[in-house]
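Encoded as structure tokens, the structure appears first; notes follow it.
Laboratory data are not the source of any read-out in this text; all were calculated from the coordinates shown. Every value quoted in this text rests on a predicted model; they were computed, and no experiment measured them. Glycine also receives a Cβ, built like all others from the backbone with ideal geometry; neighbour counts cover every protein chain displayed.
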Amino acid sequence: MKRPGTGPEMEALVRQVREAAAQEAERVLREAARRIEADASAWAQVEQAVRDGVHRIGATILETALKTLGNGYERSVLPCACGGGQKYVSDRERRVVSLVGEVRLRRAYYWCPKCKASRIPLDERLGVAATDFSPGVQQAVALLGAQQPFAQGRRLLGELAGLWISQRSHRQVSERLGREAPPPKPLAKASGPVEDLYLLADGAMAPTRQGWREVKVGVAFAGRAGSDGEPQRLTTCYFAGILPAEEFGWRWYALAERLGRERARRIIVLGDGAAWIWNLADLHFPGAVQIVDWYHALERLWTVAHAVWGEEHPAAGHWISSLRKHLGNGHIARILERLGQLPARGKDARNTVREAIGYFTHNAERMRYRRFRRQGLFIGSGVVESGCKHIIGQRLKGSGMRWSLEGLHNILSLRLAVLYGPWPPPAKVAA
Ligand SMILES: [Zn+2]
């Protein structure tokens, strides 16, 4: 058997492509030179034209390389699911949009006279049976769709890669790749025994066609106290979705199992202070150290300061700096004392203060930050922040967005895959 990419047929293809590429290169060069000579300030347009020309050469190369697969003809009749046979009818040509523009494919078309089902084996083999976009384009579109509103993604791909694809296709491709995205894996195997296992939970609201719904984000990571006493994070795993608390709890537990719950010396639950998190922690991780995420506690004080003095007033900042140390030391009694002394005018401000007093009273044991730090524990990790703000806020809450529940879940999965890997999805090894 001949090695792929060799042989007299291949040599003929190489000659053809070489000639076509040379002609295209000459045409692009003459045009670019003419325009730049006439007007040096047209450089931006000229380079775009050159890029497009290079893409056309690329499309010829890609199209030719794909030709070496043949047309996917197997034999004159293929078995059909209905029990009948799908007959080879003819070769059909189609266009697929690739990263270097459109390429043509010639594929054998099969059709079953009994049930009218049709099949194109080459499309299936190439992964383009249900789409007009090559796998490279699909990944680029989804990469953008995970990070940007589809309209922005469309513009970025158009401007940066010269590929203008409809906003609707951006959405469809992104959602499909999200649906197919493998769940995030722990990024690296923790070497040695798992010392500390952290479970984190957070929630954020997202706009859906059924109104605002809470998306919950669950995180687990393995950590240990480093040689300098500072905690180290070893490996992290995420999930997210519009999930009832009960289901969230089981998925949280499964995540913990995967990261070595049984081997962990300590289990730590970090939350924003919401009751459902502690209820689940008591249920699934009894005896775990419960910590209110430091940033959430601090944010709570900021909410109070803004309610009392307004967003801009310097007194708010002064008040926070005078409390930071108490909070850091876990002296919640001092915080409560200071909250009680606030000159809160107006009903809203008084309510905010009262709620904060409840929050700090109720969670005081979970805010003994000095002690936690001495034990080498994380008291707040950017992980929770990246959890909600990053996963949800930055992508799913844009103005005018209203997600279908399914679309939201697909984009959440896609976003987790893009942000935390593996992305791009590993190539399937052909059987
Ligand atoms: Zn059939």
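Taking a sphere under 13 Å around the Cβ of residue 92 and counting the other residues whose Cβ falls inside, with K and R at +1 and D and E at -1, yields a net charge of +3. When the Cα gyration tensor is reduced to axis lengths a ≥ b ≥ c, the ratio a/c stays below 1.5 for the stretch 231-297, which is therefore classed as rounded. Under conditions of 37 °C and 0.692 mPa s, the stretch 8-67 yields 263 µm² s⁻¹ as its translational diffusion coefficient, taking Rh as the Kirkwood radius over Cα pairs in the Stokes-Einstein equation.
Seen against the Cα atoms of the chain and their longest principal axis, helix 167-180 is set at about 70 degrees.
Can you compute the charge dipole magnitude of the chain about its Cα centre, using +1 on each Lys and Arg Cβ and -1 on each Asp and Glu Cβ, nothing else charged? Give it in debye, rounded to the nearest 20.
Numbers: 63 positive and 43 negative charges, 130 e Å.
It works out to roughly 620 debye.
The residue list 319, 330, 301 was ranked by how far each Cα lies along the charge dipole of the stretch 294-379 toward its positive end, using unit charges on Cβ atoms, and 330 comes out on top. Relative to the longest principal axis of the Cα atoms of the chain, helix 294-309 runs at roughly 70 degrees. Compared with the alpha-carbon gap, the fully stretched path from residue 25 to residue 81 is longer by 15.3 nm at 0.36 nm per residue.
If you count the DSSP beta bridges with both ends in the chain, what percent of them are antiparallel, to the nearest 5? Can you show the working numbers first?
Values: 39 of 50 bridges.
Rounded to the nearest five, the antiparallel share is 80 percent.
What do you get for the angle between helix 43-67 and the principal long axis of the chain? Use alpha-carbon atoms, 0 to 90 degrees, nearest ten. Between helix and principal axis, roughly 70 degrees.
Along its principal axes, the stretch 70-132 has C-alpha extents of 41, 19, 15 angstrom, given from the largest down. Taking a sphere under 15 Å around the Cβ of residue 29 and counting the other residues whose Cβ falls inside, with K and R at +1 and D and E at -1, yields a net charge of 0.
Ranked from largest, the principal axis spans of the Cα set of the chain equal 86, 65, 48 Å.
Dipole size of the stretch 101-149 about its Cα centre, with +1 on Lys/Arg Cβ and -1 on Asp/Glu Cβ: approximately 360 debye, rounded to the nearest 20. For the chain, the tally of Lys pairs with Cα-Cα distances below 29 Å comes to 20, considering only residues 8 or more apart or on different chains.
Relative to one another, the C-alpha centroids of the stretch 212-277 and the stretch 323-364 are positioned 28 Å apart.
Ordering 252, 100, 394 by Cα displacement along the dipole of the chain toward the positive end leaves 252 in first place; charges were set at the Cβ atoms of Lys, Arg (+1) and Asp, Glu (-1).
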